[in-house]
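Here's the structure, in structure tokens; my notes come after.
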Amino acid sequence: MTNQASQNEPNSDEKIVINAKSDAYFYIASDSNYRTPYLEKALNMLKDKYPNTTDIELVKAIISY
């Protein structure tokens, strides 16, 4: 693997967000009732980084990623 290829690979935080992306769409569609382990993990990680952000704001950020 070349150095450039490894630079293009998502880091562990990005992988968490990527894994939660499809669940985030369901979360929106279900009026915030659909929660999965992937989505919970992403939300908890993001809440640590952005503590004053609501779940819906974080979910929208996950979708836009």
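Taking the helices alone, the chain has a mean residue ellipticity at 222 nm of -22500 deg cm²/dmol, built from -39,500 (n - 2.57) per DSSP H run of at least 4 residues and averaged over all its residues.
Length gained on full extension, Ile28 to Met45, computed as 0.36 nm times the residue gap minus the Cα-Cα distance: 4.2 nm. Counting Lys and Arg as +1 and Asp and Glu as -1 over every other residue whose Cβ lies under 14 Å from the Cβ of Tyr65, the net charge comes to 0.
Highest average first, the peptides 16-28, 32-44 ordered by how many other beta carbon atoms sit within 10 Å of their residues are 16-28, 32-44. Among Glu57, Glu9, the ranking by other beta carbons within 10 Å of each residue's beta carbon, starting with the fewest, stands as Glu9, Glu57. Seen against the Cα atoms of the chain and their longest principal axis, helix 55-64 is set at about 40 degrees.
What net charge do the residues around Arg35 carry, taking every other residue with its C-beta under 10 Å from that of Arg35, with Lys and Arg at +1 and Asp and Glu at -1? Net charge in that neighbourhood comes out at -3.
Readers should treat all values here as calculations from the given coordinates under stated rules, not as data from a laboratory. Note that the structure is predicted; figures quoted are calculated from it, not measured. Ideal geometry is used to build each Cβ from the backbone, glycine not excepted, and the neighbour counts take in all protein chains shown.
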